[in-house]
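See below for the structure under consideration.
The values are calculated or read from the model by the stated rules, or taken from the named source; none is laboratory data. Bear in mind the structure is a predicted one, so any value in this text is a computation, not a measurement. Using ideal geometry, Cβ is built from the backbone for each residue, glycine included, and neighbour counts are taken over all protein chains shown. The protein model used for the area step is the full one, side chains on, heavy atoms only, and it has no ligands, DNA or RNA in it. Shrake-Rupley method; radii C 1.70, N 1.55, O 1.52, S 1.80 Å.
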Amino acid sequence: MSAADWFLSPSERGNPATVLDSRHAGGGAWTQGNDVRPLVHGASYFPELARCVRLMRAGDLLMFTDWRGDPDELLDGPGSEVSEVLSDAARRGVLVKGLIWRSHLDRLTFSERENRHLGEKIEAAGGECLLDQRVRPGGSHHQKFVVLRHPGRPELDVAFVGGIDLCHSRHDGPEHSGDPQPQPMAKVYGPTPPWHDVQLALRGPAVADVETVFRERWEDATPLTRNPIDLIGELLRHEDRTPGPLPARLPDPAPAGSKNVQLLRTYPKRRRGYPFAPDGERSVARAYGKVINRAHSLIYVEDQYFWSTGIVSYFAQALRADQNLHLIAVIPHHPDQDGRFSLPPNLVGRRQALEEIRAAGGGRVAVYGIENHAGTPVYVHAKVCVVDDVWASVGSDNVNRRSWTHDSELSCAVIDDEADHREPRIIDSFGDGARTFARELRLQLAREHLDRDADDDADLIDPMTAFRAFADSAAELQRWHAGGRSGPRPAGRLRPYQTPVLSRRTRAWANPVYRTVYDPDGRPLRLRRKHSF
């Protein structure tokens, strides 16, 4: 098997302005020889991040981007607030550089105040943290990654990439009792909403690729905002919003494992475009288009949204083209907010997408939500896709139009050089064998959802028996609920996703008259554009 059969080539990325590929010897579009470790849940990611940052010393370089940052979010117990861990590093002489989305107004339930507060604390300690609003109208910087570089100690270099923000509600674990520092959400999720998410820890040459993503954004000379209100506020506070220089690049870290890693991104096309993506970049969408067309056995998806009919049509076409192909999607049982204006288009968008998928695949499509053992729904924020146990992707991008066209996103696609020799070894029509990383990621997530021990997965290795195991477990739990929760609760956390019955008012959002104002992706329709992926 060749990774080139699955990964994008530089020309397929469609962004010749970036140095992400050209910086590699031979101009390859991915790196080889990486170690990649999934960190499932904030309870795995946050302590590891804190540990690595605390190992840093004067002259080291820490770079991070975030969609939302809550300065008081604890990473690893008392005294480990995000702001304190990063500020302590800056006070030790670590060069701390951050790019946080400036955000929309707080009254729109975003994070304008929190992001500014985190940046101010870091800057007071000697770091540099900028609020970045170089986005399309209605868009956001949604990338979530941290890069740690160590001059003279390259064995410590690491990058964390995925879907976990440094903020409230993210510090949950496999038991899904929720983060004691919650973010307000829909009432159905309770006072401490359970949260399911995934981040990757990268070691090896891919670390330098993630650093390149940061450097391209940091060194963009475009003003961080053109909003006159923001500019006046900065003048009154005597703030200098010009990014300071970054130190010279270090050599790429040495190979550390068997994984090939390709970075995938979304950048929108803007009137005054990004110098590193003047026409935008759609490599997330293009990668999905390429690998879904190769899918033959099982597409496994965990996603916060999984909607937009123009996006899920990729999956629908693949299901129609191959009658052996199955799809498992794990999504939230309920939207994250109860808002009068946000809830209806969310429900309409999800319903339309699932109708299309189910019409294409019938019984080969299974959609589930998760609950904890108390019966509280778990909010699925993960952005994971595993195709035929060969190609796996974890990142900030959701399966919806916003993530594929409008916001900035970063994802890692991974193909392991190490084959998984457990049967079935070959599960796709191209004769490509299962790879260890992709299969183990799918099995790790499946064991959690089915309440299995680490060595109890023999019936999950074959994607077809795994499909049936998911269905059987979810059906049994659903019967227990339908029977009034009588008797011991069955093992497992999966329940079939129930498409909600839409009220008359909610159904109206599907009417073209209403959708001239608002669409299921949560953006004014006038901001939509025809996109060629």
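Couple of notes before you dig in:
- Selection within segment 434-462 - open to solvent by less than 20 Å² (accessible area, probe 1.4 Å) and modelled with pLDDT under 95: A434
- Of all residues in segment 21-34, those that are of a type in the set (A, V, I, L, M, F, W, C) and within 24 Å of E155 (Cβ to Cβ) total 2.
- Selected residue [at pLDDT 95 or above and farther than 22 Å from K383 by Cβ] from R92, R37: R92
- Inter-residue pairs, beta-carbon under 6 Å, first under 9 Å from T309 (Cβ atoms) and in segment 344-356, second part of a helix (DSSP H, G or I) and among the hydrophobic types (A, V, I, L, M, F, W, C), 6+ apart: A353/V312; E356/V312; E356/A316
- Any hit, segment 23-36, residues being touching a Leu at 6+ places or on another chain (Cβ under 9 Å), among the acidic types (D, E), open to solvent by 40 Å² or more (accessible area, probe 1.4 Å) and without any contact (Cβ under 8 Å) to a residue 60 or more places away in the chain: no
- Residue in segment 343-357 that is open to solvent by 10 Å² or more (accessible area, probe 1.4 Å) and assigned to a loop (DSSP other than H, G, I, E, B) present: no
- Each residue in segment 277-323 was checked for being open to solvent by 20 Å² or more (accessible area, probe 1.4 Å) and touching a residue at least 60 places away in the same chain (Cβ under 8 Å), and 10 pass.
Yes/no matrix, rows are residues, columns are (1) closer than 30 Å to G173 by Cα; (2) over 22 Å from the mean Cα position of the chain (by Cα):
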{"residue": "G14", "(1), (2)": "no, no"}
{"residue": "D66", "(1), (2)": "yes, no"}
{"residue": "R92", "(1), (2)": "no, yes"}
{"residue": "V96", "(1), (2)": "yes, yes"}
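- Scanning segment 255-272 for residues that are open to solvent by 10 Å² or more (accessible area, probe 1.4 Å) and touching a Gly at 6+ places or on another chain (Cβ under 7 Å) yields P255, A256, G257, K269.
- The requirement of being closer than 18 Å to K144 by Cα, touching a His at 6+ places or on another chain (Cβ under 6 Å) and either surrounded by 14 or more Cβ atoms within 10 Å (Cβ to Cβ) or modelled with pLDDT under 95 (or both) is fulfilled somewhere in segment 172-187, by at least one residue.
- Any pair with Cβ under 9 angstrom, 6 or more apart, that starts in segment 188-200 at a residue that is buried (at least 18 other Cβ atoms within 10 Å of the Cβ) and ends at one that is among the basic types (K, R): W195/R170; D197/R170; D197/K383; V198/K383; Q199/K144; L200/R37
- Hits in segment 242-268 - residues which are at pLDDT below 95 and under 17 Å from D397 (Cα atoms): P268
- Residue check, Y368 farther than 15 Å from L477 by Cβ and aromatic (F, W, Y): no
- Within segment 475-500, being under 25 Å from the mean Cα position of the chain (by Cα) and either farther than 19 Å from P332 by Cα or surrounded by 12 or more Cβ atoms within 10 Å (Cβ to Cβ) (or both) holds for G492, R493, L494, R495, P496, Y497, T499.
- Criterion violated by A221 - all others in (1) part of a loop (DSSP other than H, G, I, E, B); (2) modelled with pLDDT of 95 or more satisfied: (2)
- In the set (1) among the acidic types (D, E); (2) under 12 Å from V399 (Cβ atoms); (3) in contact with a Phe, Trp or Tyr (Cβ under 7 Å, 6 or more places away or on another chain), the condition left unmet by D303 is number (3).
- Listed conditions (1) open to solvent by 10 Å² or more (accessible area, probe 1.4 Å); (2) touching a residue at least 12 places away in the same chain (Cβ under 8 Å) are all met by G369, apart from (1).
- Within segment 501-520, considering residues that are at pLDDT 60 or above and either surrounded by 14 or more Cβ atoms within 10 Å (Cβ to Cβ) or within 25 Å of the chain's Cα centre (by Cα) (or both), the one farthest from L445 (Cα to Cα): A508
- First in segment 240-267 and farther than 22 Å from P278 by Cα, second anywhere and open to solvent by less than 40 Å² (accessible area, probe 1.4 Å) and among the charged types (D, E, K, R), Cβ under 6 Å, 6 or more apart: R241/E234; G244/E128; L250/R149; P253/D157; S258/D416; K259/D416
- Listed by first and then second residue, the pairs linking a residue in segment 131-158 that is touching a residue at least 40 places away in the same chain (Cβ under 8 Å) and assigned to a strand (DSSP E or B) to a residue that is open to solvent by less than 10 Å² (accessible area, probe 1.4 Å) and of a type in the set (S, T, Y), with Cβ atoms under 6 Å apart and 6 or more places separating them unless they lie on different chains, are H141/S408; F145/T65.
- Subset of segment 273-314 that is assigned to a helix (DSSP H, G or I) and touching a strand residue (DSSP E or B) at 6+ places or on another chain (Cβ under 6 Å) - its residue that is nearest to I164 (Cα to Cα): V284
- Residue in segment 202-211 that is of a type in the set (V, I, T), crowded, with 21+ Cβ neighbours inside 10 Å and part of a helix (DSSP H, G or I) present: yes
- Inspection of segment 457-467 identifies at least one residue that is small (G, A, S) and either assigned to a helix (DSSP H, G or I) or out of contact with any Asp or Glu (no Cβ under 7 Å at 6 or more places or on another chain) (or both).
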